[in-house]
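Structure first, commentary second.
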Amino acid sequence: MRQIPMTRSCPFSPPDGAADEAFGKVRLDTGDEVWYATSHDLVRRLFADTRFSSEVEGGQQGVPLYEAPPPPGMFVQMDPPRHTRIRRMLTGRFTLQRMNRLRPRIEQIIADQLDHVEKQPRPVDLVEHFALPVPTLVICELLGVPYADRENFQIASVRLLDTNLDIETATAALEDFGVYLTELVAAKRARPGEGLLDDLLAGTDLTDEEVAGVAVLLLIAGHETSASVLGVGTLLLLQRPDQLALLRDEPEVAKTAADEMLRYLSVVDTLMFRRASQDLELGGVTIPEGDFLTVSLAAANRDPSLCENPDVLDLARPRTHHLAFGFGPHQCLGQNLARMELEIAFPALLRRLPGLRLAVPLEEVPKRVGMLVYGVDRLEVTW
Ligand code: HEM
């Protein structure tokens, strides 16, 4: 049986061999066998059907990643009605309307961060000075988490997303992170501030433990993902000067570019698990109760049934039904926020630094392999 494809020999393409089969079984590093869906149609069907349960905490050895159950409030690993209860409390906070109100603040954060980049001696690591701080500042402000505490969750989140770590280290990282957030929530309970977490404490029946769990999820999901697209997306643009120029010069292209970049790069690809809660059919096969399934969003987003020339990056392409944010009840809560960050950040960066170029050869840019979110560790640039 083949190993789950994770290696991207082209830094901008899906993992090697991911699209070889629309559906079949693969082996994880742990030795466990899981079903692996890679076509657009099957991924949608899998994610739309909550009988394929997201409650995967108590699985066979090595699947899922953590032996410890997720903390209370970690609703990405819940099924309805537990999932619906918490998601409903948050949906209104992430609507397009709400995000539009945030736009001037996000523009300001990005402009300030570009001022900071310009002051650095060159070459500058764009991940450290731009791609990572921008979404981190935004999510901290939204949640009411002090930006000064970022080391606490950046280290933890890199560990949690690293599939090369053993279960003990990953579990310890989650526990440390939980301790930090439990203390933060207790402090907020005592002295309420302004932010989403404060509002959840004041205005809902969520327990402090649940609010801390929601915070774990929002902090990790809310900064690492957008940061990865900004980092590897900039690298991609530097390889495609025609697309770069379009995005820099055509305001209309900025509106479609974020989704095309998300589709094309699919930084969140695989190792999101579901488990069959009963014998279920998918792709003409009966999946026995208890079996685990995962997907390749990267392969599904290059499926020829999705759009014409799926392997071509076309930033002016009208928005497709891509799956970069998942699909169904767990579809990304933060997608409007992520789109807005990318829509503002890329053109702002390209306009501020028109001579932007790589300071090292493409091969020497360190890629993140074996991480749940694909990206680059550093991006040394000059202008
Ligand atoms: C480029 C950026 C992003 C990408 C590619 C991305 C991708 C995804 C994907 C694929 C899922 C589905 C997981 C599943 O079905 O198991 C998801 C869920 C989620 N995302 Fe994002 N995400 C991004 C940005 C964000 C941001 C900025 C936030 C901040 C609030 C966020 C918060 C969440 C949450 C809370 C969930 C769980 C939703 C649920 O279970 O109901 N994401 N994301």
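Comparing Ala299, Thr7, Leu200 along the charge dipole axis of the chain, the residue lying farthest to the positive side is Leu200, per the Cβ-charge model.
Look at the dipole of the chain built from charges on Cβ: of Ser54, Thr95, His83, the Cα furthest out on the positive end belongs to Thr95.
A full extension of the chain between Asp249 and Arg82 corresponds to an added length of 55.5 nm, given 0.36 nm per residue minus the alpha carbon distance. The P(r) of the stretch 86-127 has a tail past 12 Å containing 69 percent of all C-alpha pairs.
In the chain, the DSSP-assigned H stretches of four residues or longer account for a calculated mean residue ellipticity at 222 nm of -15000 deg cm²/dmol, using -39500 (n - 2.57) per stretch and the full residue count as denominator. In a reduced charge model with +1 at each Lys and Arg Cβ and -1 at each Asp and Glu Cβ, the stretch 304-367 shows a dipole moment near 260 debye about its Cα centre. Relative to the Cα centre, the charge distribution of the stretch 94-232, modelled as +1 at Lys and Arg Cβ and -1 at Asp and Glu Cβ, gives a dipole magnitude of about 580 debye.
The residues packed around Leu313, meaning those with a beta-carbon under 14 Å from its beta-carbon, carry a net charge of -2 if Lys and Arg are +1 and Asp and Glu are -1.
Neighbour counts of C-beta atoms inside 10 Å place Cys140, Cys10 in the sequence Cys10, Cys140, starting with the fewest. Taking the Cα centre of the chain as reference, the dipole from Cβ charges on Lys and Arg (+1) and Asp and Glu (-1) amounts to some 1040 debye.
Each principal axis of the Cα atoms in the stretch 1-136 has its own extent, and those three values, largest first, are 52, 41, 32 angstrom. Distance distribution note for the stretch 258-319: the fraction of Cα pairs above 15 angstrom is 59%. What shape does the stretch 88-168 have by the C-alpha gyration tensor, where a ≥ b ≥ c are the square roots of the eigenvalues, rounded means a/c under 1.5, and otherwise prolate means a/b greater than b/c and oblate the rest? Oblate, since a/c reaches 1.5 and b/c is not below a/b. Kirkwood analysis of the Cα pair distances in the stretch 195-299 returns a hydrodynamic radius of 17.6 Å.
Of the two radii for the stretch 123-168, the radius of gyration is 1.05 times the Kirkwood radius, both from the alpha carbons; that is the Rg over Rh value. As a proxy for reagent exposure, ranking Tyr180, Tyr147 by other Cβ atoms within 10 Å from fewest up yields Tyr147, Tyr180.
Positive end of the dipole of the chain (Cβ unit charges, origin at the Cα centre): among Leu236, Ile220, Val268, the Cα lying farthest that way belongs to Leu236.
Rg over Rh of the chain, using C-alpha atoms and the Kirkwood radius, what does it come to?
Taking Rg over the Kirkwood Rh, I get 0.95.
Oblate is the label for the stretch 91-237. Its Cα gyration tensor axes, ordered a ≥ b ≥ c, give a/c of at least 1.5 and b/c at or above a/b. Sorting Lys119, Lys188 by the number of Cβ atoms found within 10 Å of their own Cβ, with the fewest placed first, yields Lys119, Lys188.
Divide the volume of the convex hull around the Cα atoms of the stretch 298-383 by the residue count and you get 146 Å³ per residue. Each Lys or Arg adds one and each Asp or Glu subtracts one; over the other residues with Cβ under 15 Å from the Cβ of Pro361, this totals 0. Other residues within the sphere of radius under 13 Å centred on the Cβ of Ala227, judged by their own Cβ, net out at -2 (K and R +1, D and E -1). Peptides 29-42, 161-174 ranked from most to least packed by the mean count of surrounding Cβ atoms within 10 Å: 29-42, 161-174.
Only the coordinates and a few stated rules stand behind these numbers; no lab work does. What you are looking at is a predicted structure, and each value in this text was computed from that prediction instead of being measured. All Cβ positions, even for glycine, are placed from backbone atoms using ideal geometry, and neighbour counts span all protein chains on display.
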